[in-house]
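Accompanying notes for the structure given below.
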Amino acid sequence: PLVLGIETSCDETGVGIVRGHTLLADAVASSVDTHARFGGVVPEIASRAHLEAMVPTIQRALDQAGIAASDLDGVAVTAGPGLAGALLVGVSAAKAYAYALGKPLYGVNHLASHICVDQLEHGALPEPTMALLVSGGHSSLLLAPDITADVRPLGSTIDDAAGEAFDKVARVLNLGFPGGPVIDKYAKEGDPDAIAFPRGLTGPRDAPYDFSFSGLKTAVARWIEARRNAGEEVPVADVSASFQEAVTDVLTRKALRACRDEGVDHLMIGGGVAANSRLRAMAEERCAAAGITLRVPRPKLCTDNGAMVAALGAEMVARNRAASAWDLPADSSLPVTEPHVPAPSPH
Ligand code: ATP
Ligand code: MG
Ligand code: FE
């Protein structure tokens, strides 16, 4: 199926077009530079930026794909989770396009999209799919027997998300926003064993699939503060590398344990933090050693984009899932267990 996907859950206006598992277009306009000086995404600014970028980005995607909008089999859109005002812009645009074109509308889950996007890279997802979802707002281990209908959380973070920890540590180091890419860059020049930062929830009695990154974030902040108070220079590269090592060590260890416990022979990693070069390398090493096939999309498909929404929408069409209603709401806290928002069935 030929599907256009619209993503506006945060600060990226993304429009992607796919035909089944084939990526035809991936247009992204980001307002991240506007937010950078505030040290985080400002919801109201994000909504306005989506409004301005929406139509040109859709046009750019259609041009890139070289298709006519009338050929589409459906229009998919992120219905949640995310920033309410930002989501509303995408949902409204998707309704308008779908209705005007006379095509079905599919409100889909942003988190399931972060997983389904891998079909554009590595073909059909195995069933069940074991996924480590690590992003700015979420960190979970998910087992999905069917990415369009059945996604089961095995465990999640009990405090900060992995991406949030990257962003907060970058802020303490005065490296700007977002923190992930810049810490990734500094870490390449640092020693990952320079500082022994804590690995949260890895004790024998801790929940095996839950994560905790707020203790790590505090430990890093305290370590930096002690250096500063002593009038010593902060070794940014070593702090970055050691912090990043602590995060990726816990993520990969728990993901591999979940694969082993559930008897799954592959691991999918998705979400913005899956763009991290050390996480990718460590997962590759550890999966290879454990005989597990690793599936991670290219970095550009890990961070927010419209192609991932189109990928999940195409799967909805392929599996004859019910379309959404024309009054589809934006749901800022749509649970990961709801991969899409079907129209209520008539009684
Ligand atoms: P969610 O998907 O939970 O709704 P989001 O959509 O805001 O959150 P994503 O775009 O999926 O988040 O990911 C953004 C996060 O990924 C940010 O926290 C950012 O710092 C992090 N990130 C991006 N690139 C990297 C990288 N190379 N290394 C580590 N973290 C990264
Ligand atoms: Mg973003
Ligand atoms: Fe995301």
Taking the stretch 1-11 and keeping residues buried (at least 24 other Cβ atoms within 10 Å of the Cβ) and touching a Gly at 6+ places or on another chain (Cβ under 9 Å) leaves Val3, Leu4, Gly5, Ile6, Glu7, Thr8, Ser9, Cys10
Of the candidates Leu267, Leu251, the one satisfying the condition of being crowded, with 24+ Cβ neighbours inside 10 Å, more than 16 Å from ligand 1 (Cβ to nearest atom) and touching a residue at least 40 places away in the same chain (Cβ under 8 Å) is Leu267
Those residues of the stretch 90-127 which are acidic (Asp, Glu) and either assigned to a helix (DSSP H, G or I) or modelled with pLDDT under 95 (or both) amount to Glu121
Screening Ser156, Ser139 for residues that are within 16 Å of ligand 3 (Cβ to nearest atom) and surrounded by fewer than 20 Cβ atoms within 10 Å (Cβ to Cβ) leaves only Ser156
Among Ala330, Ala323, Ala290, the single one that is within 16 Å of ligand 1 (Cβ to nearest atom) and in contact with a Leu (Cβ under 8 Å, 6 or more places away or on another chain) is Ala330
Within the stretch 22-36, residues being touching a Gly at 6+ places or on another chain (Cβ under 9 Å) and either part of a helix (DSSP H, G or I) or over 27 Å from Pro297 (Cβ atoms) (or both) number 1
Next item on the list: Please indicate, with yes or no, whether at least one residue in the stretch 214-234 is surrounded by 18 or more Cβ atoms within 10 Å (Cβ to Cβ) and assigned to a loop (DSSP other than H, G, I, E, B).
Entry: no
For the stretch 302-318, the count of residues that are surrounded by fewer than 23 Cβ atoms within 10 Å (Cβ to Cβ) and either without any contact (Cβ under 8 Å) to a residue 12 or more places away in the chain or closer than 25 Å to Glu12 by Cβ (or both) equals 1
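Scan Val41, Val91, Val75, Val28 and give me the residue that is in contact with a Cys (Cβ under 9 Å, 6 or more places away or on another chain), of a type outside the set (Phe, Trp, Tyr), touching a residue at least 12 places away in the same chain (Cβ under 8 Å) and buried (at least 16 other Cβ atoms within 10 Å of the Cβ).
Working: Val91 fails: in contact with a Cys (Cβ under 9 Å, 6 or more places away or on another chain); Val75 fails: in contact with a Cys (Cβ under 9 Å, 6 or more places away or on another chain); Val28 fails: in contact with a Cys (Cβ under 9 Å, 6 or more places away or on another chain).
Of Val41, Val91, Val75, Val28, the one residue that is in contact with a Cys (Cβ under 9 Å, 6 or more places away or on another chain), of a type outside the set (Phe, Trp, Tyr), touching a residue at least 12 places away in the same chain (Cβ under 8 Å) and buried (at least 16 other Cβ atoms within 10 Å of the Cβ) is Val41.
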Take the conditions surrounded by 18 or more Cβ atoms within 10 Å (Cβ to Cβ), β-branched (Val, Ile, Thr) and modelled with pLDDT of 95 or more and apply them to Ile147. Does it pass?
yes
Per the filter on the stretch 136-157, residues outside any strand (DSSP E or B) and over 18 Å from the mean Cα position of the chain (by Cα) are Ala149
The condition from (1) among the aliphatic types (A, V, I, L, M); (2) in contact (Cβ under 8 Å) with a residue 24 or more places away in the chain; (3) more than 16 Å from ligand 2 (Cβ to nearest atom); (4) closer than 24 Å to Ala325 by Cα that Ala86 misses is numbered (3)
Ala165 fails exactly one of (1) within 16 Å of ligand 3 (Cβ to nearest atom); (2) in contact with a Gly (Cβ under 7 Å, 6 or more places away or on another chain); (3) in contact (Cβ under 8 Å) with a residue 60 or more places away in the chain; (4) more than 21 Å from Val309 (Cβ to Cβ), namely (2)
Note on Leu87: of the conditions (1) in a helix (DSSP H, G or I); (2) away from ligand 1 (no atom under 16 Å from the Cβ); (3) of a type outside the set (Ser, Thr, Tyr), unmet is (2)
Leu133 vs (1) outside any strand (DSSP E or B); (2) surrounded by 24 or more Cβ atoms within 10 Å (Cβ to Cβ): all pass except (1)
Next item on the list: Evaluate the stretch 196-213: report whether one residue or more is touching a Leu at 6+ places or on another chain (Cβ under 6 Å), acidic (Asp, Glu), modelled with pLDDT of 95 or more and not in a strand (DSSP E or B).
Entry: yes
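The values are calculated or read from the model by the stated rules, or taken from the named source; none is laboratory data. These numbers come from a predicted model, not from an experiment. FYI the Cβ positions are ideal-geometry reconstructions off the backbone, even for glycines, and counts take in every protein chain you see.
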